[in-house]
Amino acid sequence: GLRTARTLGIASLGGATLDNEENYLIKKLLTGLGVVQVENQARVCHSSTVAGLGTSFGRGGATTFMQDLQHADCIVIEGSNFAEAHPVGFQWVMEAKARGARIIHVDPRFTRTSALADLHVPIRAGSDIAFLGGIINHVLTEEKDFREYVLAYTNAATLVSEDFRDTEDLDGVFSGLDEDKHHYDPSSWQYEGVEVQQPTGEVDEQYEERVRGSGGAETHGSGGARTAGRAPRDETLRHPRCVY
């Protein structure tokens, strides 16, 4: 048949901060105009990060307002051209800088973000882990961390299971690695006295008995509700099996 309303000269790229209703209206409007290329930043930019972050940290929303950046004393931007990629959000970085905050940009490239930062750190591509590891080592060795915050709001003082083995013990890998399947079994990573239930909810026959016998807590791999009981902690951070 005859093609109508097929516009190839216009494209649309939606933002990740648009809500469902706004995306629906944009798509309906552009489709009515015959625009074929309708894309969204959330899929193009973040399709790979969803799987990576889900595996590493779990799935969840942002933990703070971007406006809170204006109250920061120091802001480190790594691997992002914040100033050009997210100019609306970057206004809060500039607000913090106007209040005296120090802005550090870690990126192999020199971009507009680098030009606006107080310090540009042009590390080699692929060396992020070594760079961050060095910073972490310095913070821990020199005790530069905000200790009161670490004890009150992180799991640093919590003891891990005796079954857990760190990279120093296993030549660079953590316990639970199946080299044939290239897959980790995280069951040994649980806290001391805490039974980890599979995200599927399936349990073996001895599960309830183990939980009652240990007097500990149960935690769900899918982020289920907490139950009674707490994993032991060492507030001095000197126990060899504390997360710290």
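The values are calculated or read from the model by the stated rules, or taken from the named source; none is laboratory data. Since this is a predicted model, take the numbers as computed values, not measurements. So basically every Cβ, Gly included, is an ideal-geometry build from the backbone, and we count neighbours across all protein chains shown.
Could you check, for the stretch 176-199, whether at least one of its residues is surrounded by 10 or more Cβ atoms within 10 Å (Cβ to Cβ), among the acidic types (D, E), modelled with pLDDT of 85 or more and farther than 21 Å from T55 by Cα?
Yes, some residue in the stretch 176-199 is surrounded by 10 or more Cβ atoms within 10 Å (Cβ to Cβ), among the acidic types (D, E), modelled with pLDDT of 85 or more and farther than 21 Å from T55 by Cα.
Among the numbered criteria (1) assigned by TED's automatic domain parsing to the domain that holds P186; (2) at pLDDT 90 or above; (3) in a loop (DSSP other than H, G, I, E, B), which single criterion is violated by V150?
Every condition holds for V150 apart from (3).
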